[in-house]
């Protein structure tokens, strides 16, 4: 009888242990995440060591990136395996490869950029010895009609306006525009900007433009 009780107790204990072990949840496996770091730095000119504003900073083979502020500073999130491309009008494009053995989640750099030299064809300009000689050759000069008509078309007001509107802003103009926009937001921070619908000067400009035919269909 005792042996039977021992066998039954052993069988029950084994069953309970197996049941408890089966009910234990599996340990969560660590998730493999990409090594992200906060890359910050300053982009400067090699010659003057001044910060370059609005430098385009892009991760190679992606559309992700940022721009430097008016002082040349930048900060954004990248991976340790990324290659960073710095490009700016008038300067040579630079690529920076992040080190593989980075430790921590933050990394700072100072990226210098060198001006890109553009070679143009040689142009020799000679002045006439005297004003009288200049007047003589200017009067005697024969300008082809095709050149004269082309220059006249290029100097038309509408043509010059179209050329001006199609030109993109350079670095200095972009910086000035961005600074003006930021100053406008800071000036009216916490309040509504003024509405010029009650501005008599704006109405005066509208009526003058209307009288001059600015809104007529062409």
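The values are calculated or read from the model by the stated rules, or taken from the named source; none is laboratory data. Here the structure is a predicted model, which means the values were calculated and not measured. Because the Cβ atoms are built from the backbone with ideal geometry, glycine has one as well, and the counts that use them run over all protein chains shown.
Please go through (1) modelled with pLDDT of 80 or more; (2) closer than 30 Å to residue 79 by Cβ; (3) surrounded by 11 or more Cβ atoms within 10 Å (Cβ to Cβ) for residue 105 and return the number of the only condition it doesn't satisfy. Answer for residue 105: the failing condition is (3).
Scanning region 179-195 turns up one or more residues that are in contact with a helix residue (DSSP H, G or I) (Cβ under 9 Å, 6 or more places away or on another chain) and either part of a helix (DSSP H, G or I) or at pLDDT below 75 (or both). Among the residues of region 63-81, is there at least one that is in a strand (DSSP E or B), surrounded by 15 or more Cβ atoms within 10 Å (Cβ to Cβ), under 15 Å from the mean Cα position of the chain (by Cα) and touching a residue at least 40 places away in the same chain (Cβ under 8 Å)? Checked region 63-81: no residue is in a strand (DSSP E or B), surrounded by 15 or more Cβ atoms within 10 Å (Cβ to Cβ), under 15 Å from the mean Cα position of the chain (by Cα) and touching a residue at least 40 places away in the same chain (Cβ under 8 Å).
Applying the selection to region 46-62, what residues are exposed (fewer than 14 other Cβ atoms within 10 Å of the Cβ), in contact with a strand residue (DSSP E or B) (Cβ under 9 Å, 6 or more places away or on another chain) and closer than 15 Å to residue 110 by Cα?
Filtering region 46-62 down to residues exposed (fewer than 14 other Cβ atoms within 10 Å of the Cβ) leaves 46-50, 60-62.
Filter once more, keeping what is in contact with a strand residue (DSSP E or B) (Cβ under 9 Å, 6 or more places away or on another chain): 46-47, 49-50, 60-61.
Residues satisfying the conditions are 46, 47, 49, 50.
Assess whether residue 85 counts as being surrounded by 14 or more Cβ atoms within 10 Å (Cβ to Cβ) and either under 21 Å from residue 38 (Cα atoms) or touching a residue at least 12 places away in the same chain (Cβ under 8 Å) (or both). For residue 85, the condition - surrounded by 14 or more Cβ atoms within 10 Å (Cβ to Cβ) and either under 21 Å from residue 38 (Cα atoms) or touching a residue at least 12 places away in the same chain (Cβ under 8 Å) (or both) - is met.
If the condition is being modelled with pLDDT under 90 and in contact with a strand residue (DSSP E or B) (Cβ under 8 Å, 6 or more places away or on another chain), then region 80-90 contributes 80, 90. Of all the listed residues (116, 135), the sole one being surrounded by 10 or more Cβ atoms within 10 Å (Cβ to Cβ), more than 30 Å from residue 179 (Cα to Cα) and modelled with pLDDT of 80 or more is 135.
Contact annotation: residue pairs with Cβ atoms under 8 Å, 6 or more positions apart or on different chains, pairing a residue in region 166-181 that is without any contact (Cβ under 8 Å) to a residue 40 or more places away in the chain with a partner that is surrounded by 11 or more Cβ atoms within 10 Å (Cβ to Cβ) and outside any helix (DSSP H, G or I), are 177/169.
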